[in-house]
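Notes follow once the structure below has been shown.
The values are calculated or read from the model by the stated rules, or taken from the named source; none is laboratory data. Everything numeric in this text was worked out from a predicted model, so none of it was measured. Cβ placement follows ideal geometry from the backbone for every residue including glycine, while neighbour counts extend to all protein chains displayed. Side chains included, ligands, DNA and RNA excluded: accessible areas come from the protein's heavy atoms. Shrake-Rupley method; radii C 1.70, N 1.55, O 1.52, S 1.80 Å.
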Amino acid sequence: RQLQEVTVTASKIKFYHKLDTLVYDASAFQLAEGSMLDALVNQLPGVELKDNGQIYVNGRFVESLLLNGRDFFGKDNQLMLDNLGAYAVKDISVYERAGKKSEFYGRDMNDKDFVMDVRLKKEYQHGWMVNLEGGGGTEERYMGRAFGLYFTPYSQIALFGGINNINDQRKPGQNTTWTPENAPKGDQKVSQAGVDYNVSFNNSKNIVNGNVTFAQITDNHISTTDRTNLLSSGNTFDYQYRNIERRTTQIRQNNDLTINGKYVGTVISEKINYTKYKNNDSYSSATFDEEKQKINREIIDDIYSSAYTDVRNGLMNRSLQNNIQNGHRLSAGLDYTNFIKFKKNSDSFNYSFGGQYNEDKSDLFKNYTINYGNDLNPAHKQNEYYNRPNRVYSFKAHLGYTYWINDNAY
């Protein structure tokens, strides 16, 4: 019998299990043109992407986000999520990865971590990838960023930078809820730049990886409060003004060298984190027994001058406060680890040593001035100065030997 014409449409499987690995096929998801990796991850069944870049798969926290099976960008998932084009992704695998000790010894050493591995298409295994974005708006708002990635099957090097003065980091269409309570108060300006690399030699046995980042964050928050106090003895009126300015500069760098020989493995890790901050918090307030129609912070600060004699009518008290804090935090560490396995048996030997230095120094100056009524002389004036240096040195060493009985370590 002659059959009528039929149309057969094949549907793609979005995900499948391959042994203990969960694999998502990137081509099975519909994405808007120009979408980045975060838009793809957001659509994966069972995957939850937090605003800070943390990823959960079926409720389990993903400890590392990998690129072609290799660590990249440290723990800062947001850099890869925001800058890697979804069009270049072949598939995404989720699995438990063997740690450095397990990989070297060839058996489970209880150092596995739960990872998400982003694997690129074949045509994107070697070359450059560049992402540029910029924009401007009303109220002198602007943002811009640049990202460049050079990659080969065994090496990746990324350069990135950005600047913006917008408080809301959300992208249109990619968040279903609006959470203004999580946005920073006031105006925030962020500038950052850095380099991240993962380079292997000798067929991936020797690896050097790390990153260097610079960031400067400036916050400016101005608040005004006009309050009426309803009292049986008569209403009073409070006028309060506060200005908070914070500037934080951060420099971070981490570098690891891994050398895997046939019987000896070596890991050398060093890190330096430096943060410098400058905070200024000023507060002015005045209380009157009558309402004032035209008043501002400048008037309150200079209310006892001859220019504001009329404004002082009804003044009950005036308070000024200024806090200035300058300081820095420094953390530096170096660790050296050796793994050794024996040729004639499966026993192993390992040792490590390292040191850590932490420094935290803060200078704080506080100034208080309180006046009552029309008295030009302050009823209370106080200056406070605090110097808080703190230095900590720490050293550690470890020595271990492992022998195996029926695949059980002792």
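Here is how the numbers come out for the structure above:
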{"read-out": "Accessible surface, 1.4 Å probe, highest first, among residues Phe104, Phe342", "value": "Phe342, Phe104"}
{"read-out": "Charge sum, other residues only, whose C-beta stays under 11 Å from Tyr95's C-beta, Lys/Arg counted +1 and Asp/Glu -1", "value": "-1"}
{"read-out": "Gyration tensor over alpha-carbon atoms, the range 40-149, equivalent ellipsoid semi-axes in Å", "value": "30, 17, 13"}
{"read-out": "Gap separating the Cα centres of the range 50-70 and the range 295-343, nearest whole Å", "value": "37 Å"}
{"read-out": "Per-residue SASA entry for Leu364, accessible area with 1.4 Å probe, Å² rounded to 10", "value": "20 Å²"}
{"read-out": "Kirkwood hydrodynamic radius of the range 326-407, Cα pairs, Å", "value": "18.4 Å"}
{"read-out": "Between the range 77-96 and the range 219-258, the Cα center-to-center distance that results, in Å", "value": "38 Å"}
{"read-out": "Tail weight of P(r) past 13 Å, computed on alpha-carbon pairs of the range 343-385, percent", "value": "78 percent"}
{"read-out": "Dipole magnitude of the chain about its Cα centre (Cβ charges: Lys, Arg +1; Asp, Glu -1), debye to nearest 20", "value": "1460 debye"}
{"read-out": "When the convex hull of its Cα atoms is projected in every direction, mean area for the range 230-342 (nm²)", "value": "12.9 nm²"}
{"read-out": "1.4 Å probe accessible area per residue over the range 256-354, in Å²", "value": "55 Å²"}
{"read-out": "Accessible area of the chain belonging to carbon and sulfur atoms, whole % at 1.4 Å probe", "value": "50 percent"}
{"read-out": "Heavy-atom accessible area per residue - the range 42-133, 1.4 Å, Å²", "value": "50 Å²"}
{"read-out": "For the chain, calculated [θ]222 nm from helices alone, where every DSSP H run of n ≥ 4 adds -39500 (n - 2.57)", "value": "-1500 deg cm²/dmol"}
{"read-out": "Around Ser27: net Lys/Arg minus Asp/Glu count, Cβ-Cβ under 11 Å", "value": "+2"}
